[in-house]
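Engineer: One structure, as structure tokens, below. Some questions next.
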Amino acid sequence: MAINLSLWSLKAGDHCEILGYDDALAEKYKIRLMEFGFHPGESVICLQSPSFGAPKVYQVSNTVFSLDDEVAAHVAVRLSGASE
Amino acid sequence: MSKIILIGSPNSGKSLLFNRLTGLSQKVANFPGITVDVGSGKLQALPDKTLIDFPGTYSLQAISAEEEVAVDYFERALEDPDVEQVLCVIDATRLEKSLLFTLQVIRDCERNSKKITVLANMMDVLENHDLTLDVEGMSAALHTRVIPISARSGKGIDEVISELSATACQVREPRAHLVDTPDAILRGEAHKLAHRFGPEGDVLIRTQNRLDNFFLHSLTGGVSFFLIMYLLFQSIFTWAAPVMDAVEGSLAWMADALVPLLGNQVVKDFTSDALFSGIGAFLVFVPQIFVLTFVIGLLEDSGYMARAALICHKPLRLFGLTGKSFIPMLSGVACAIPAIYAARAIDSPRKRVLTYIAIPLMPCSARLPVYTLLIAAFIPAQTALGGLVGLQGLAMFGIYFFGMMTGLLVTGLISRTSEDHHNDLPFVLELPPYRLPGLKPIVRNAWNRSKHFVTKAGKIIFTVTVVIWLLGYFPNYGADLGQSWLGHLGHFIEPVFSPLGLDWRYGVAIFTSFAAREVFVGTLGTIFGIEGADENMVPLVEHIQGSDLALGSGLALLVFFAISLQCVSTLAILAKESASRSLTLKMFVGYFLLAYTAAVVVYQVTGLLVG
Ligand SMILES: Nc1nc2c(ncn2[C@@H]2O[C@H](COP(=O)(O)OP(=O)(O)O)[C@@H](O)[C@H]2O)c(=O)[nH]1
Ligand SMILES: [Mg+2]
């Protein structure tokens, strides 16, 4: 899948919905991401987007993960309105 | 003897529960990482049953070689007829990450007709925030008993014990019917269950995020990072240094009291110089290992270390490392041994090895006396830039920086020239909540590490010290080191060190400093006939300045000590922790050759420049 907007491009406070993963991401990481709850269709909130390219912090259901661009740039998302 | 398996996803509180049930002390830390260690211990309440602590993974579908080992191990254990039942710990505040794992464990237990009980841990946290978990509903959905517990407060532990003491023979029929369910379906199922039963609202996450706004902010986060690191090093110097002095002092006192009571001169010399200095050589490290492990334990358990890993990830990635290498490398600036232990928390085996490779070049405190001696002898005590910077301080900073950079460059080079995707994992770190650290497990862990060091490395350091003493003492009973076996050895290896402009005496000191780097100073003192050089360096400094040793040789020695892996304790612990003698040997030889080459270059270039 070609990625227009990736998880990595989110800013702190952005809400989004996961669309899928691109092919550059190794299968085993896709599986691990799904195990963590990053399923297609799932909503994710970007909690922190620290400066200097540090890994970003995402909330998915009730868990918080930090991902760096090696992973997050391969996850396609669609922005959704803030749900609160 | 019947066995009970304890399993759970990382950071769900498994170690704390294990300790509570067995009275033992596995390391507890608020930092998600897996270890392939398997601990086991008798249940305190039911001494005829053994509890086996399995490494935590997020899933039974392994994605690295190391996870595979852990998963295989678990699946083989399920086939063991002695294994009576399985306890699966989940973090009730973060169901999503635990439920898939739980379903997989339930499935595998059904396949092997083992009884399983799910323990929903961290209930104290939920209660403090007036949150609830639908335990009944979850039990029904999982077709498995779920017991709400708190490993920290002890709530629900009695119920766990009575569940465990209940006759194990009532192995239930598989009811969840998961026996043939593939992982992909379980993933979806876990997801649904988490949404259905997970605690409502995200108070917990909002609290955590408010603190993250501070600790990950570009300004406040940066400032607090440096402040915390500063305090960490202060604590080593203010807490460990006096204890180290006290250890040395009391050993000296004991030696003084004991030695005159001995008859024979050889026995006297052996006792004071080999026995006591052999014991001293490794005991002085213990306070440092203890304090460092303790303070890092506090930082880990508070949840801060995961943030520090995040902050340092980007710069370390340049060198093939990960943010998770930060804690070990930081410890390495004090001592490589706690650093090697700390590397356990790195989940990617490849990055763990790279971290092992970087650690010995972090400027540990045993190098400090060597640097101090050489800088005092060769760098003039002058200031530059109108008194703004002292040359000696600058040289000290320079050699520290040189060591760290060399370490990073070496790992960077190795990571770029070798590819090993099978053993690598990308940076994905669960950010644990901030917590008030529980003191007791941290103290116990620091104690265990110190003990491990004394038993594992102590013997080796002691042996090396004694052997070096024997070589230096015989055959002429300590009369003249130059004529001893050690002296002969020094003369024999002199050609190795003459390209650095060093004679046999420095060769001997380098050789003996293999026991521990700072021994270099004491040995030189002995050779030059200067008593107590390790306490007061001034006479030794003056002696070296008065000799015709070239500036280039001094600089070459500095560079040599910055790089060379001159430390038996590090080698011993490295071989144990990495479970690889070949890695240890390669690192030792590699760093020696690199140190030597760099030292020769420095000597030759300085010779050309200074003339
Ligand atoms: N509040 C609270 N904290 C807990 C509880 N159980 C464990 N912890 C904390 O959770 C963190 C992870 O615990 P640990 O036993 O190392 O988890 P493991 O990775 O599953 O072995 C540590 O900071 C523990 O102090 C609990 O029941 N309540
Ligand atoms: Mg643990």
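The values are calculated or read from the model by the stated rules, or taken from the named source; none is laboratory data. The shown structure was predicted, so the numbers you read here are calculated from the model rather than taken from an experiment. As a convention, Cβ positions derive from the backbone with ideal geometry for all residues, glycine included, and neighbour counts pool all protein chains shown. Just the protein is used for accessible areas: all its heavy atoms, side chains included, with ligands, DNA and RNA removed. Shrake-Rupley method; radii C 1.70, N 1.55, O 1.52, S 1.80 Å.
Engineer: Can you name every one of the helices (runs of 4 or more DSSP H) wholly within the stretch B:272-331 that holds 1 or more residues which are under 14 Å from B:MET229 (Cα atoms)?
Structural biologist: Details: elements: B:276-283, B:285-302, B:304-317.
Helices (runs of 4 or more DSSP H) meeting the threshold: B:285-302, B:304-317.
Engineer: For residues that are within 26 Å of B:ASP245 (Cβ to Cβ) and either open to solvent by less than 10 Å² (accessible area, probe 1.4 Å) or within 14 Å of chain A (Cβ to nearest Cβ) (or both), tally how many sit in the stretch B:311-333.
Structural biologist: Residues of the stretch B:311-333 within 26 Å of B:ASP245 (Cβ to Cβ): B:330-333.
Now restrict to residues that are either open to solvent by less than 10 Å² (accessible area, probe 1.4 Å) or within 14 Å of chain A (Cβ to nearest Cβ) (or both): B:331-332.
Of the residues in that region, 2 qualify.
Engineer: Ok, one more. Considering the stretch A:12-38 alone, what residues qualify as being outside any strand (DSSP E or B), more than 7 Å from chain B (Cβ to nearest Cβ) and either free of Cβ contacts under 8 Å to residues at least 60 places away in the same chain or closer than 20 Å to B:LEU321 by Cα (or both)? Lay out the reasoning, then the answer.
Structural biologist: Taking the stretch A:12-38 first, the residues outside any strand (DSSP E or B) are A:12-14, A:22-38.
Remaining after also requiring more than 7 Å from chain B (Cβ to nearest Cβ): A:12-14, A:22-27, A:30, A:33, A:38.
The answer is A:ALA12, A:ASP22, A:ASP23, A:ALA24, A:LEU25, A:ALA26, A:GLU27, A:LYS30, A:LEU33, A:PHE38.
Engineer: Just to be sure, is B:ARG20 at pLDDT below 90, closer than 29 Å to B:GLY303 by Cβ and either within 11 Å of ligand 1 (Cβ to nearest atom) or open to solvent by less than 20 Å² (accessible area, probe 1.4 Å) (or both)?
Structural biologist: No; evaluated as a whole, the condition is false for this residue.
Engineer: Also, quick follow-up: Examine the stretch B:105-118 for a residue that is open to solvent by less than 30 Å² (accessible area, probe 1.4 Å) and within 16 Å of ligand 2 (Cβ to nearest atom), and state whether such a residue exists.
Structural biologist: Keep residues of the stretch B:105-118 that are open to solvent by less than 30 Å² (accessible area, probe 1.4 Å), which gives B:105-110, B:114-118.
Of the ones still in play, those that are also within 16 Å of ligand 2 (Cβ to nearest atom) are none.
Among the residues of the stretch B:105-118, not one is open to solvent by less than 30 Å² (accessible area, probe 1.4 Å) and within 16 Å of ligand 2 (Cβ to nearest atom), which makes the answer no.
Engineer: Continuing with the same structure: Of the conditions (1) within 16 Å of ligand 2 (Cβ to nearest atom); (2) within 14 Å of chain A (Cβ to nearest Cβ), B:LEU99 fails just one. Which one is it?
Structural biologist: (1)
Engineer: Suppose we filter the stretch B:65-91 for residues that are aromatic (Phe, Trp, Tyr) and open to solvent by 10 Å² or more (accessible area, probe 1.4 Å); how many remain? Walk me through how you get there before you give the answer.
Structural biologist: Taking the stretch B:65-91 as the starting set, the residues that turn out to be aromatic (Phe, Trp, Tyr) are B:73-74.
Among the residues that remain, those that are also open to solvent by 10 Å² or more (accessible area, probe 1.4 Å) are: B:73.
The qualifying residues number 1.
Engineer: If you don't mind, there's one more thing I want to ask. State which residue is farthest from B:GLY522 (Cα to Cα) when the search covers only the stretch B:278-302 and only residues that are under 13 Å from the mean Cα position of the chain (by Cα) and within 16 Å of ligand 1 (Cβ to nearest atom).
Structural biologist: B:GLU300
Engineer: With the checklist (1) open to solvent by less than 60 Å² (accessible area, probe 1.4 Å); (2) touching a residue at least 12 places away in the same chain (Cβ under 8 Å) in hand, flag the one item B:ASP202 doesn't pass.
Structural biologist: Looking at each condition in turn, B:ASP202 falls short on (2).
Engineer: Quick one: in the stretch B:443-456, of everything that is within 14 Å of the chain's Cα centre (by Cα) and not basic (Lys, Arg), which residue is most open to solvent (accessible area, probe 1.4 Å)?
Structural biologist: Filtering first and then ranking leaves B:TRP447.
Engineer: Also: Count, please, the residues in the stretch B:207-231 that happen to be among the charged types (D, E, K, R) and crowded, with 16+ Cβ neighbours inside 10 Å. Let's see the steps before the verdict.
Structural biologist: Residues of the stretch B:207-231 that are among the charged types (D, E, K, R), as a first pass: B:210, B:212.
Within this subset, residues satisfying the condition of being crowded, with 16+ Cβ neighbours inside 10 Å are B:212.
Of the residues in that region, 1 qualify.
Engineer: Among all residue pairs at least 6 apart or on different chains, which show Cβ distances below 6 Å where the first residue, located in the stretch A:49-69, is closer than 17 Å to B:PHE214 by Cα and the second is open to solvent by 10 Å² or more (accessible area, probe 1.4 Å) and in a strand (DSSP E or B)?
Structural biologist: Correct list of pairs: A:SER49/A:LYS56; A:VAL57/A:LEU47; A:VAL57/A:GLN48.
Engineer: Hey, can you tell me all the residues within the stretch B:481-490 that are open to solvent by less than 70 Å² (accessible area, probe 1.4 Å) and at pLDDT below 85? Before the answer, list the steps.
Structural biologist: Pass one, the stretch B:481-490, residues open to solvent by less than 70 Å² (accessible area, probe 1.4 Å): B:481-482, B:484, B:486-487, B:489-490.
Across the stretch B:481-490, the qualifying residues are B:LEU481, B:GLY482.
Engineer: Does B:LEU60 qualify as being away from ligand 2 (no atom under 12 Å from the Cβ), modelled with pLDDT under 90 and open to solvent by less than 30 Å² (accessible area, probe 1.4 Å)?
Structural biologist: Numbers: away from ligand 2 (no atom under 12 Å from the Cβ): yes; modelled with pLDDT under 90: yes; open to solvent by less than 30 Å² (accessible area, probe 1.4 Å): yes.
Against the criterion (away from ligand 2 (no atom under 12 Å from the Cβ), modelled with pLDDT under 90 and open to solvent by less than 30 Å² (accessible area, probe 1.4 Å)), B:LEU60 qualifies.
Engineer: Need at least 1 residues that are aromatic (Phe, Trp, Tyr) per element, so show me which helices (runs of 4 or more DSSP H) inside the stretch B:114-225 make the cut, counting only ones lying wholly within it.
Structural biologist: Values: elements: B:123-128, B:135-142, B:157-165, B:183-197, B:203-215.
Of the helices (runs of 4 or more DSSP H) lying wholly inside the stretch B:114-225, those with at least 1 residues that are aromatic (Phe, Trp, Tyr) span B:183-197, B:203-215.
Engineer: While we're looking at this one, here's another question. Scan the stretch B:417-458 residue by residue and report those that are over 24 Å from B:ASP301 (Cα atoms), in a helix (DSSP H, G or I) and more than 14 Å from every other protein chain (Cβ to nearest Cβ). Before you say what the answer is, go through the steps one by one.
Structural biologist: Kept after step one, since they are over 24 Å from B:ASP301 (Cα atoms), are these residues of the stretch B:417-458: B:417-424, B:454-458.
Applying the additional criterion that residues be in a helix (DSSP H, G or I) yields B:417, B:421-423, B:454-458.
Residues satisfying the conditions are B:THR417, B:VAL454, B:THR455, B:LYS456, B:ALA457, B:GLY458.
Engineer: All but one of (1) of a type in the set (A, V, I, L, M); (2) open to solvent by 10 Å² or more (accessible area, probe 1.4 Å); (3) closer than 25 Å to B:CYS364 by Cβ hold for B:ALA308; which doesn't?
Structural biologist: (2)
Engineer: Restricting the search to the stretch B:334-348, which residues are more than 9 Å from the chain's Cα centre (by Cα) and away from chain A (no Cβ under 14 Å)?
Structural biologist: From the stretch B:334-348, those more than 9 Å from the chain's Cα centre (by Cα) are B:334-335, B:346-348; that's our starting set.
Scanning the stretch B:334-348 gives B:ALA334, B:CYS335, B:ILE346.
Engineer: Could you count how many residues in the stretch A:39-84 are open to solvent by 10 Å² or more (accessible area, probe 1.4 Å), in contact with a helix residue (DSSP H, G or I) (Cβ under 8 Å, 6 or more places away or on another chain) and more than 10 Å from chain B (Cβ to nearest Cβ)?
Structural biologist: So the count comes out to 1.
Engineer: Please go through the stretch B:1-16 and give me each residue that is more than 10 Å from ligand 2 (Cβ to nearest atom) and away from every other protein chain (no Cβ under 14 Å), ordered by number.
Structural biologist: To start, the set of residues in the stretch B:1-16 that are more than 10 Å from ligand 2 (Cβ to nearest atom) comprises B:1-7, B:9.
B:MET1, B:SER2, B:LYS3, B:ILE4, B:ILE5, B:LEU6, B:ILE7 - these are the residues of the stretch B:1-16 that are more than 10 Å from ligand 2 (Cβ to nearest atom) and away from every other protein chain (no Cβ under 14 Å).
Engineer: Considering only residues that are surrounded by 12 or more Cβ atoms within 10 Å (Cβ to Cβ) and in contact (Cβ under 8 Å) with a residue 40 or more places away in the chain, which ones fall in the stretch B:247-268?
Structural biologist: Hits for the stretch B:247-268 are B:VAL247, B:VAL266.
Engineer: Related question: Given the structure, is B:SER25 within 16 Å of ligand 2 (Cβ to nearest atom), of a type in the set (Gly, Ala, Ser) and more than 14 Å from every other protein chain (Cβ to nearest Cβ)?
Structural biologist: Working: within 16 Å of ligand 2 (Cβ to nearest atom): yes; of a type in the set (Gly, Ala, Ser): yes; more than 14 Å from every other protein chain (Cβ to nearest Cβ): yes.
Considered against the rule, which asks whether it is within 16 Å of ligand 2 (Cβ to nearest atom), of a type in the set (Gly, Ala, Ser) and more than 14 Å from every other protein chain (Cβ to nearest Cβ), B:SER25 comes out as yes.
Engineer: Go through the stretch B:232-244 and give me each residue that's touching a residue at least 60 places away in the same chain (Cβ under 8 Å) and open to solvent by 40 Å² or more (accessible area, probe 1.4 Å).
Structural biologist: B:PHE233
Engineer: Then there is this: Quick check on the stretch B:35-65: of everything there that is within 14 Å of chain A (Cβ to nearest Cβ) and hydrophobic (A, V, I, L, M, F, W, C), which residue is farthest from ligand 1 (Cβ to nearest atom)? Before you say what the answer is, go through the steps one by one.
Structural biologist: Here is the first cut: in the stretch B:35-65, the residues within 14 Å of chain A (Cβ to nearest Cβ) are B:56-65.
Narrowing the set further to residues that are hydrophobic (A, V, I, L, M, F, W, C) leaves B:60, B:62-63, B:65.
Details: B:LEU60: 16, B:ALA62: 18, B:ILE63: 18, B:ALA65: 21 Å.
Step by step, filter the stretch B:35-65, then rank; the result is B:ALA65.
Engineer: Exactly one condition in (1) modelled with pLDDT of 90 or more; (2) in contact with a Phe, Trp or Tyr (Cβ under 9 Å, 6 or more places away or on another chain); (3) surrounded by 24 or more Cβ atoms within 10 Å (Cβ to Cβ) is not met by B:SER302; state its number.
Structural biologist: (3)
Engineer: Can you tell me which residue within the stretch B:406-419, out of those that are of a type outside the set (A, V, I, L, M, F, W, C) and open to solvent by 60 Å² or more (accessible area, probe 1.4 Å), is nearest to A:ALA26 (Cα to Cα)? Spell out the reasoning first.
Structural biologist: Step one: of the stretch B:406-419, the residues of a type outside the set (A, V, I, L, M, F, W, C) are B:406-407, B:411-412, B:415-419.
Now narrow it down to the ones that are open to solvent by 60 Å² or more (accessible area, probe 1.4 Å): B:416-417, B:419.
Details: B:ARG416: 20, B:THR417: 21, B:GLU419: 15 Å.
Within the stretch B:406-419, the match that is nearest to A:ALA26 (Cα to Cα) is B:GLU419.
Engineer: Related question: Return the only residue of B:ASP80, B:ASP53 being more than 30 Å from A:HIS39 (Cβ to Cβ) and touching a helix residue (DSSP H, G or I) at 6+ places or on another chain (Cβ under 6 Å).
Structural biologist: None of the other options fit; the residue is B:ASP53.
Engineer: Checking B:LEU431 against (1) at pLDDT below 90; (2) within 30 Å of A:GLU27 (Cα to Cα), which test does it fail?
Structural biologist: (1)
Engineer: Give the number of residues within the stretch B:497-521 that are in contact (Cβ under 8 Å) with a residue 60 or more places away in the chain and in a helix (DSSP H, G or I).
Structural biologist: Number of matching residues: 5.
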